[in-house]
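Here's the structure we're looking at; comments come further down.
The values are calculated or read from the model by the stated rules, or taken from the named source; none is laboratory data. Just so you know, these numbers come straight off a predicted model, no measurement behind them. Glycine also receives a Cβ, built like all others from the backbone with ideal geometry; neighbour counts cover every protein chain displayed. In case anyone asks, the SASA skips ligands and DNA or RNA and just uses the protein heavy atoms, side chains included. Shrake-Rupley method; radii C 1.70, N 1.55, O 1.52, S 1.80 Å.
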Amino acid sequence: MLSPPLSPHVIRATFWRTWTVTRRAYPWSYFVGTLMLGVFTVGLAHLGLAAIGGGRVAGDFVTATGSADYLGYVTVGAAAFMFVTHGVLWAGKALIQEQREGTLGALLVAPAGRLPYLLGFAAFAFTAIVLEVSVLLGCAYALGVRPAASGPGDAALAILVLGVAVFGMSLVLSAVMITAGEAHITQNSVFLAIALLSGFTFPRRYLPGVLQWLGELVPTTAAMDVLRGVFTTGAGPAPGRTAVALAVGLLYVVVGLLWLPRAERHAMERSY
Amino acid sequence: MTDRCLACSLTPEAEPVEHRRAQAGGGLRHTAKVFRAEALKQHRRVFGSRLVVFSMLVWPLMQLAATYYTVRPLAATPGIAGRWPLAADPERLLAFLATGALGFTFFFSLVQSAWHFSFERVTGTLELLFLSPAGRLAIVVGNGFGALVQNVWLFACFMVALFTALDVVHVAHPAMYAVVFLALLVPAVAWGAFLNSLLIFSRDSAFLYTLLDDPMWFAAGVRLPLFALPVWIRVFGSVLPLTGSLAVVRGALLDGRTIGELAPTLLGLGALTVLLTLGAVAALRLGEANAQRTGRLRLF
């Protein structure tokens, strides 16, 4: 008998399985790699601010971001980038990992639905990422960064919006990866593209108009605007951008869920 | 069947002097053959798919753009001409970061190719490599050189076009272009040989790959001028050949320095190149001796 579409058993079982596997063999390379990128980005901002900017930042930066705190701005961006990249590495690569280990076929014939499986994975990824991003924020705190926050409720909403964006992207990327049977080029292209388009370490207004519009196609862009409102300016989440972020994120979730069955079929057919 | 020498195809009964002479000449020929074969192998693997253009051109360009936009608000501040004259002109700032990106592409492509050696371990061809009579140093140098030329040519061409468009390059003498080219190429090949020799005996090369990605751009002054870095990071950076290469590239292309002015940096770079090559030879000897003793192709 098929389990219901959002079976809590499947979510719990996937969470528990991933927890057990990770506890025994934690992928240190992922963690150290993304943490170092974050720490060095904040370090670059810290050293550059002192030596190049003389402790000050350009006027157009203040106009574009609504804040003169360059270091805080870059830190929020670096932490969010680590959240996104690590989220995709965990949740987005879950299916291709099964494919590489030869268990994708077993997963497909299991009565568990794809959505609860991926939700269980995402729940685990979220727990791991919160711990990992805290390490980066701790390093930034030691460098004297004090991000603003408009309130715990707003902070939770901003993180939820970013979480939906990451989950949506992970679903679509899962389908791309198992269809192509390749992860390295896909993941790095996506990471570098969103680093440029979504305004993690610089205001998007610096980009040419075409790229600003292209940025709206990825869910992380609007999610970053929400995050900026909460943690950079402290003005709170802009309702319009929050709605856009959730809408684009959920659209990615739907597209991913519709595409996955075809991608899985393709992946299985190709392996015989 | 009579055994024949692999290098000179003479039987052991041949005259010893003749044999040695043939071996010396054949040694060179043999090295060239291994070098060519290894570079061809790299070519076939790298160019298996058209997607390779992403890692060759699109990725470094996107990274360069993001870095430029991140650093720009710091350079457009009052008094920049006193702190860092080069950054006062946005085009020269872009050129500074572009030289950094070019240098990083050179040296990081070798970290990648060294990491690819772990695939030989996975696919079981590493043992075959050591059973073959091919010279070990020729393999690691050929592998690095092949990877380098194929990974950087597109980005290097693009950079030349960018510098021409920005009109920021003013060299003291046309020969400085050759100095710049050699200052990037020669240390990079030695760096590649050294990394290959280390990673060929490593079980977890992904870790070194991670370790040499971000710390390398940070410490070598790829995205920040060296004066912005604290002394202890500069000391760490001076061990990396990329730091010296970038000093030569930027000095010659952006500041119009002469070869005399760059001589101390060039000498340091030369010494580092020799050290890296010696390190490669030592690692290969040590690793192979260890493998002969223990039967395991790994040092760490």
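Per-structure values
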quantity: Qualifying trypsin sites (Lys or Arg not before Pro) in region B:191-273, DSSP loop, other Cβ atoms within 10 Å at most 15; calculated: B:Arg203
quantity: Rounded FRET efficiency, nearest 0.05, which uses the C-beta distance separating A:Ala243 from B:Ala81 and R0 of 56 Å; calculated: 0.80
quantity: Alpha-carbon centroid distance for the pair region A:122-179 / region B:137-216, whole angstrom; calculated: 35
quantity: Note, ³J(HN,Hα) from phi for region A:20-36, Karplus 6.51, -1.76, 1.60, rounded to Hz, x at Gly and Pro; calculated: 5, 4, 5, 5, 7, 9, 7, x, 4, 4, 4, 5, 4, x, 6, 5, 5
quantity: Gained length - A:Leu217 relative to A:Tyr141, 0.36 nm times residue gap less alpha-carbon distance; calculated: 24.1 nm
quantity: Protein-only accessible surface order, largest first, of B:His116, B:His43 at 1.4 Å; calculated: B:His43, B:His116
quantity: Virtual spin-label span in nm between A:Ala156 and B:Thr125, 7 Å along Cα→Cβ; calculated: 5.5
quantity: Inter-label distance for B:Thr294 and A:Ser29, nm, one decimal - labels placed 7 Å from Cα along Cα-to-Cβ; calculated: 2.1
quantity: Value of Rg to Rh for region B:49-294 (Rh from inverse mean 1/r over Cα pairs, i.e. Kirkwood); calculated: 1.00
quantity: Calculated P(r) of the protein assembly as shown - Cα pairs past 47 Å, %; calculated: 19
quantity: Taking N as its residue count, the alpha carbon Rg of region A:8-270 over 2.2 N^0.38 Å; calculated: 1.03
quantity: Span-like helix ranges in chain B, DSSP H, alpha carbon extent 20 angstrom or more, Kyte mean at least 0.0; calculated: B:59-75, B:90-123, B:136-166, B:175-199, B:259-294
quantity: Solvent-accessible ranking of A:Tyr70, B:Tyr177, largest area first, probe 1.4 Å; calculated: B:Tyr177, A:Tyr70
quantity: C-alpha center-to-center spacing [region A:211-232, region B:85-110] in angstrom; calculated: 28
quantity: Alpha-carbon gyration tensor eigenvalues x 5, square-rooted, for region A:198-260, Å; calculated: 22, 16, 8
quantity: Convex hull volume of region A:1-82 per residue (C-alpha atoms, cubic angstrom); calculated: 140
quantity: Distance between region A:250-267 and region A:56-96 - C-alpha centres, whole angstrom; calculated: 28
quantity: Volume per residue that the Cα convex hull of region B:171-241 spans, once the total is divided by residue count, Å³; calculated: 104
